[in-house]
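S.K.: Quick one: structure below, then a few questions.
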Amino acid sequence: ATPTALLVGTGRGAQLGILIKGPQILESTRRVDTVVLDKTGTVTTGRMAVAAVHAADGGSEDEALHLAGSLEHASEHPIGRAVADRAAATGALSPVESFENHGGRGVSGVVDGHAVLAGRLSWLRDEWSLTAPESLRRSAGAAEAEGRTPVWIAWDGRIRAIVVVSDTIKDTSASAIADLRELGLRPVLLTGDNRSAAETVAKQVGIDEVIAEVLPADKVDVVKRLQDEGRVVAMIGDGVNDAAALAQADLGLAMGTGTDVAIEASDLTLVRGDLRAAPDAIRLARATLRTIK
Ligand code: ADP
Ligand code: MG
């Protein structure tokens, strides 16, 4: 391959809003057959909002929001920020002691003298031996079926509420994914979120392969496994969570709106955070390499 043609391709990429780390990267782009997409912040905007609060029978929704919001105020996760913002809009937050972040699972701490947990149900069940009241299970199931994420809230040793958060699918995601398919690529949705919400989002954007409930540290293993199956994998992500998987992938694409860690781990950056730049990058690589041949 002539370096000049690759450099021209790199320059053309910049015009399309695609930052390419080095001209040689266009070569690996050509062979990609699978595109793994992170859900939150990549396919969706990642700007979460509280959609509803449900307390178990006899519980108080206001108290649940206050305790969860005060706890999540110490969290940097988009889910935590949404819960804290909503709680702060309703009343003053209390300080949190002994805060702990359990990556990809939830948060714990002490608020107003109560030991509070907020996170996914499997974590509350497996690590804290808590069970969910039936009424909350039903509300959570309905929320998940709509593509939303229930945050399970426990205090004083019992699960007492859920706070439902919703994210918004970017309006360019479906057309970008249709484009990737047209280029002969298989899209796969990868997320730490619950399976039901993930499948609802996948369906709305035209993805039928979903890998859900994956812990942050395990995303890289998913990429390795696909590679072991002989697939040449591009990974698109935005979070600190995604960095190892982006580095492991044959081609890593970071959203320009994402974290610095993700951008550093990637080969390409989609400057505007617009997923449509992903098929643009693949097309550009193919066109550039055709010129060279
Ligand atoms: P994603 O892969 O979608 O970026 P994460 O790996 O960050 O998701 O989180 C996976 C799941 O863990 C979330 O969907 C949520 O249920 C739970 N979780 C993570 N952090 C928090 C938090 N601060 N508060 C409540 N739940 C959380
Ligand atoms: Mg993300």
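Computed from the coordinates by the stated procedures, all read-outs in this text should not be read as laboratory data. Fair warning: this is a prediction, and the values are worked out from it, not measured in the lab. Every residue, glycine as well, gets a Cβ built from its backbone with ideal geometry; the counts of neighbours run over all protein chains shown.
S.K.: Any idea what the dipole of the stretch 197-285 comes to, in debye rounded to 20, about its Cα centre with Lys/Arg Cβ at +1 and Asp/Glu Cβ at -1?
M.R.: 240 debye
S.K.: Next question. In percent, how large is the relative contact order of the chain, given Cα pairs closer than 8 Å and 6 or more residues apart? Don't jump to the answer; show the numbers that get you there.
M.R.: Numbers: 633 pairs, mean separation 72.5, N = 293.
The value is 25 percent.
S.K.: Further question on the same structure: Per DSSP H run of at least 4 residues, take -39500 (n - 2.57); add these up for the chain, divide by its residues and hand me the 222 nm value, nearest 500 deg cm²/dmol.
M.R.: That calculation yields -12500 deg cm²/dmol at 222 nm.
S.K.: Now, a different point. Can you tell me the relative contact order of the stretch 232-293? Whole percent, Cα pairs under 8 Å, sequence separation 6 or more.
M.R.: It rounds to 26 percent for the stretch 232-293.
S.K.: Can you list the HN-Hα couplings for the stretch 261-270, worked out from phi with the Karplus curve (6.51, -1.76, 1.60; θ = phi - 60°), rounded to whole Hz and with x for Gly and Pro?
M.R.: 4, 5, 4, 5, 7, 9, 8, 10, 10, 8
S.K.: Next question, about the same structure. Counting only Cα, what are the radius of gyration and maximum Cα-Cα distance Dmax of the chain, in Å?
M.R.: 20.9, 72
S.K.: Something else: About the Cα centre of the chain, what is the dipole size in debye to 20, counting +1 per Lys and Arg Cβ and -1 per Asp and Glu Cβ, all else neutral?
M.R.: Here the size comes out at about 1260 debye.
S.K.: Additional query: Dipole size in debye (nearest 20) for the stretch 76-129 around its Cα centre, Lys and Arg Cβ +1, Asp and Glu Cβ -1?
M.R.: Values: 5 positive and 7 negative charges, 47 e Å.
Here the size comes out at about 220 debye.
S.K.: Then there is this: Can you list the GluC sites (Glu not before Pro) in the stretch 51-121 that are in a DSSP coil and have 10 or fewer other beta carbons within 10 angstrom? Mind showing how you got there, number by number?
M.R.: On the way: sites: GLU61, GLU63, GLU72, GLU76, GLU97, GLU100; in loops: GLU76.
Loop-located and lightly packed - GLU76.
S.K.: If amide hydrogens are placed 1.01 Å from N in the peptide plane, which non-local residues have theirs closer than 5 Å to the one on VAL151?
M.R.: Amide H neighbours of VAL151, under 5 Å, 5+ apart: VAL163, VAL164, VAL165.
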